[in-house]
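Since the structure comes first, as structure tokens, the remarks are kept for the end.
The values are calculated or read from the model by the stated rules, or taken from the named source; none is laboratory data. This is a predicted model, so every value here is computed, not measured. Because the Cβ atoms are built from the backbone with ideal geometry, glycine has one as well, and the counts that use them run over all protein chains shown.
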Amino acid sequence: MKNMLKAQAWLTDSSLLMPTASSGGSPVVSNIVPFSKPYSQVGIKGDPYIFKGMKLQKEIVSAKEYQAALEKNGKKKKIGIKQ
């Protein structure tokens, strides 16, 4: 019994939780290039199974990469609004 408890303690201490999917503001592990996939709150572009235009990268998207893409996407939106 002690061996089982030690093994369970080791597994618990050594575990790593990687979220793979989430709805809302929770972290997500993804290799989709940020903002390359169509998005809409209504209509068919909001469907999670629309892949047209989506780009993938080999590595998982880091927080820095996402932040840079967010700023770039925001600038594009501002330019579009001004025109």
By residue number, the members of segment 1-53 that are modelled with pLDDT under 80, hydrophobic (A, V, I, L, M, F, W, C) and farther than 22 Å from Lys72 by Cα are Leu16, Leu17, Met18, Ala21, Val42, Ile44
Suppose we filter segment 41-57 for residues that are closer than 23 Å to Met18 by Cα and more than 14 Å from the chain's Cα centre (by Cα); how many remain?
1
Looking at segment 37-49, which of the residues that are closer than 21 Å to Leu70 by Cα and either of a type outside the set (D, E, K, R) or touching a residue at least 12 places away in the same chain (Cβ under 8 Å) (or both) is surrounded by the fewest Cβ atoms within 10 Å (Cβ to Cβ)?
Gln41
Regarding segment 62-71, can at least one residue be identified that is at pLDDT 75 or above and in a loop (DSSP other than H, G, I, E, B)?
yes
